[in-house]
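The structure under discussion appears below in the form of structure tokens.
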Amino acid sequence: LWLNADGSYRAQGRRGKPSSGKWTVNGASLCLKQRKPIPGPLSYCTPTKQGGDGTSWMGKAVTGERIRIELVAGR
């Protein structure tokens with residue numbers, strides 16, 4: 001998942017399929033609303049953790065699977 005400063009994102013799923021959309025911050029959560037390949041009717045929100053490059057925490061994917069989230073400095 002790559003977040004852009006203009007509020008857009010692009011992502012690559014575990015099967016290599018790309019997606020993209022818009023992101024926002026709602027309190028302490030990052031919320032994603034997919035636009036491509038199929039617009040999603042709802043936003044997906046996941047808690048975030050403050051920190052810099054290398055900060056990581058456990059979260060859940062849209063599917064409910066546990067995932068490790070890590071902040072990595074920009075491209």
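Given Cβ point charges of +1 (Lys, Arg) and -1 (Asp, Glu) and nothing else, what value in debye, to the nearest 20, does the dipole of the chain about its Cα centre take? Working shown, then result.
Numbers: 13 positive and 4 negative charges, 69 e Å.
Charge dipole, the chain, about its Cα centre: 340 debye, nearest 20.
When a/c reaches 1.5 or more, the comparison of a/b and b/c decides; with that in mind, is the range 6-75 rounded, prolate or oblate per its Cα gyration tensor? Kindly include the intermediate steps, with their values, before the conclusion.
Working: a/c = 1.43, a/b = 1.38, b/c = 1.04.
It is rounded, given that a/c, with a ≥ b ≥ c, falls under 1.5.
Could you calculate the contour length gain from T46 to S8, that is, 0.36 nm times the residue separation minus the distance between their Cα atoms, to one decimal place in nm?
Values: separation 38, 0.36 × 38 = 13.68 nm, distance 1.64 nm.
Full extension of this stretch gives 12.0 nm more.
Using a 1.4 Å probe, what is the accessible area per residue for the chain, in Å²? Display every interim value, and only then the final one.
On the way: 5750 Å² over 75 residues.
Value for the chain: 77 Å² per residue.
Report T46's accessible area, 1.4 Å probe, all protein chains in place, as a number in Å² to the nearest 10.
20 Å²
The values are calculated or read from the model by the stated rules, or taken from the named source; none is laboratory data. Quick caveat, the model's predicted, so the values are computed rather than measured. Ideal geometry is used to build each Cβ from the backbone, glycine not excepted, and the neighbour counts take in all protein chains shown. Protein only, heavy atoms only, side chains kept; ligands, DNA and RNA dropped before computing areas. Shrake-Rupley method; radii C 1.70, N 1.55, O 1.52, S 1.80 Å.
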